[in-house]
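Undergrad: Submitted below is the structure of interest, expressed as structure tokens.
Derivation of every value follows stated rules applied to the coordinates shown; laboratory data play no part. All values reported here derive from a predicted model rather than from experimental measurement. Positions of Cβ are generated from backbone atoms using ideal geometry, with glycine treated the same way; all protein chains shown enter the neighbour counts.
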Amino acid sequence: MATIIEPTIFELSSPGRRGVTMPASDVPETALPPKELLRSELPLPELAEVDVVRHYVKLSKFNYSVDDGFYPLGSCTMKYNPKINEDTCRLPGFLFTHPLQPIETVQGNLALMYELQEWLKEISGFAGVTLQPAAGAHGEFTGVLMMAAYHKSRGDTKRTKMLIPDAAHGTNPASVGMLGMSVVTIPSDERGNVDLKALEAACDDTVVGMMLTNPNTLGMFDENIEKVIELVHKCGGLMYGDGANLNALLGIVRPGDLGFDVMHFNLHKTFSVPHGGGGPGSGPVGVSQTLVDFLPAPLVGIIEEGDDDDETAPLYGFVTPKNSIGRMKAFHGHFGGGLVRAYTYIAMHGPDGLKDIAQYAVLNANYLQARLRGTYHIPYDRICMHEFVAEGRFEGSDVRALDISKRLMDYGFHPPTNYFPLIVPEALMIEPTETENKDALDRFADALIKIAEEARTQPDLLHNAPSTTKFGRMDEVKAARELVLCCWLPEDYSDQ
Ligand SMILES: *Cc1c(COP(=O)(O)O)cnc(C)c1O
């Protein structure tokens, strides 16, 4: 069990130290609120600026990040985030605007949002896009809400079931559950595709639709995708695409062309918005013609056409779709943190660059898969897309995926995703992304091959890993059951 040896900011505090200089008050003094509403004491840490900076910089150095090294976290698309995104999202015109400003004063921002909607439509083959949702899961909720509204608008009230493959991300059933629908799990076949027989058996007139990730979390492009969509449509259901893995398809396949009715984008995965640590995410949703009238409101639209002859620009503003499900988020989505960065990334790459991204992401994953084949068992062993899943276990050994991942940290790598998807025992889900060069991929493959050797010869090295990191292995059960979220609060404050 690791012990926390760094002092907290409260322990560093010393009465009277100051890190701020308050300006002289330029407003009249007023009476305080009634005594019952006041705390007798608010113990805040007292430190100089230099103490605070050093404390947090030190903590940040215990972290591993995508700016620090290879981050093969499957399903998360942890690609390097180009720094030009940081420049653009800090431009004063983007940074210092308020969502309640009159539209005439924020035409540049609205133009950017409008163009991003148009680009995402073109990239995905959809007829309409909302930029509101705050993350992928929020996009799912938005999309499923539109599916429900569509069925309801046709007086089709029997539909309560969503079909979801067993390889799906946990957010899919969670989003469906939040809307009171039930989930029917569809198994995968031995090639990692949706099992068509099981799908056919589940399709009836109580089905809202299907949520499918393609390529799925095994990194497999569904070889029967058109048949899958046809079956769902035939029973009156709609097809939801979980677009978290769009990185593999950019510039090559458009989900809208395949027949999907609705899909969320994860701008923080595919389009290089930084993520992890809770945000900010951004999960725009694209829809086919069937659902455009149900999109959340407001959308950014052109409310007065420009005139090329007069050189007048169009006037951008907000529009409300006819049967809109309403607002999904305060204001207009994560504008600076998500939308401006994603816009920059798309603009910098252009259509050919986006296609390169997908091709290199797929090439890198297949290269790693080829290097590890034979050392690690790969249960769905065919050409993969952006990621693949290996088994983190060896015959006759008690080494588990977790041990391998912890040992990888000793070699200076962030572990891959573990124990997901659930259909692969001891899953190691590896997604290198396009931003890694061959040297990085080789170093990672070498480390995994060396670890497989260690698993045979010195398994305790793995059981006890990591040994070179600031903190050792956490007690997994305790971390979940006895979660301490506020260990930094001084004792005397906790019961106030
Ligand atoms: C990341 C992911 C999600 C959820 O997206 P968030 O932005 O994390 O809410 C859904 N499905 C898949 C396949 C994912 O990888």
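Undergrad: List every DSSP H helix in the chain whose Cα atoms extend 30 Å or more along the helix's own long axis and whose mean Kyte-Doolittle hydropathy is at least -1.0. Before the final figure, lay out the partial values.
TA: On the way: long enough: 341-372 (36 Å, -0.13).
The qualifying helices are 341-372.
Undergrad: Please give the contour-minus-distance gain from Lys329 to Leu42: 0.36 nm per residue of separation, less the Cα-Cα distance, rounded to one decimal in nm. It would help to have the intermediate numbers written out before the result.
TA: Numbers: separation 287, 0.36 × 287 = 103.32 nm, distance 3.33 nm.
Value of the extension gain: 100.0 nm.
Undergrad: How much length, in nm to one decimal, is gained on full extension between Leu315 and Ile303, taken as 0.36 nm per residue of separation minus their Cα-Cα distance?
TA: 3.7 nm
Undergrad: Evaluate E = 1/(1 + (r/R0)^6) for Leu196 and Ser397, where r is the Cβ-Cβ distance and R0 equals 56 Å; express this FRET efficiency to the nearest 0.05.
TA: The pair Leu196/Ser397 has a calculated efficiency of 0.95.
Undergrad: So if each residue of separation counts as 0.36 nm, and I subtract the Cα-Cα distance between Tyr80 and Gln458, what length gain in nm does that give? If you can, show how the numbers build up before the last one.
TA: On the way: separation 378, 0.36 × 378 = 136.08 nm, distance 3.43 nm.
Result for the pair: 132.7 nm of gain on full extension.
Undergrad: Mind giving me the FRET efficiency for Asp205 and Thr375? R0 is 45 Å, r the Cβ-Cβ distance, nearest 0.05 is fine.
TA: Plugging the Cβ-Cβ distance into 1/(1 + (r/R0)^6) gives 0.40.
Undergrad: Relative contact order for the chain: what is it in percent, counting Cα pairs under 8 Å that are at least 6 residues apart? Let's see the in-between values first.
TA: Details: 915 pairs, mean separation 93.0, N = 496.
So the answer I get is 19 percent.
Undergrad: Say the cut-off is 20 Å between C-alpha atoms; which of Lys61/Lys406; Lys58/Lys269; Lys158/Lys197; Lys161/Lys269 go over it? Intermediate values should be presented prior to the final figure.
TA: Working: Lys61/Lys406 18 Å; Lys58/Lys269 28 Å; Lys158/Lys197 23 Å; Lys161/Lys269 29 Å.
Where the Cα-Cα span goes over 20 Å, the pairs concerned are Lys58/Lys269; Lys158/Lys197; Lys161/Lys269.
Undergrad: Mind listing which GluC sites (Glu not before Pro) in region 259-356 are in a DSSP loop and have 15 or fewer other Cβ atoms within 10 Å?
TA: In loop regions of region 259-356 (DSSP not H, G, I, E or B), the sparsely surrounded GluC sites (Glu not before Pro) are Glu305, Glu311.
Undergrad: With a 10 Å Cβ neighbour count serving as the proxy for reagent exposure, in which order, fewest first, do Ser188, Ser60, Ser282, Ser182 appear?
TA: Values: Ser188 22, Ser60 9, Ser282 30, Ser182 12.
Exposure proxy ranking, most exposed first: Ser60, Ser182, Ser188, Ser282.
Undergrad: In deg cm²/dmol and to the nearest 500, what is the mean residue ellipticity at 222 nm of the chain if only DSSP H runs of at least 4 residues count, each as -39500 (n - 2.57), divided by the residue total?
TA: Only helices count here, giving -10500 deg cm²/dmol.
Undergrad: Along the Cα-to-C-beta direction of Leu91, a point sits 7 Å from the Cα; which residues of region 306-335 have their amide N less than 16 Å from that point?
TA: Of the residues in region 306-335, 335 have backbone N under 16 Å from the label point off Leu91.
Undergrad: Taking other Cβ within 10 Å of each residue's Cβ, how do Lys158, Lys322 sort, fewest first?
TA: On the way: Lys158 12, Lys322 9.
Lowest to highest Cβ neighbour count: Lys322, Lys158.
Undergrad: While we're looking at this one, here's another question. Indicate, rounded to the nearest 5 percent, the antiparallel portion of the DSSP beta bridges found entirely in region 357-481.
TA: 90 percent
Undergrad: Cut-off is 10 Å between beta-carbons; in what order do Tyr345, Tyr56 appear when sorted fewest neighbours first?
TA: Values: Tyr345 23, Tyr56 11.
Ranked by crowding around the Cβ, least crowded first: Tyr56, Tyr345.
Undergrad: Estimate the FRET efficiency between Asp442 and Lys152 by the formula 1/(1 + (r/R0)^6), using the beta-carbon distance for r and 41 Å for R0, to the nearest 0.05.
TA: 0.15
Undergrad: If you keep only loop residues by DSSP, which trypsin sites (Lys or Arg not before Pro) in region 5-88 have at most 16 other Cβ atoms within 10 Å of their Cβ? Don't jump to the answer; show the numbers that get you there.
TA: Values: sites: Arg17, Arg18, Lys35, Arg39, Arg54, Lys58, Lys61, Lys79, Lys83; in loops: Arg17, Arg18, Arg39, Lys79, Lys83.
Answer by residue number: Arg17, Arg18, Arg39, Lys83.
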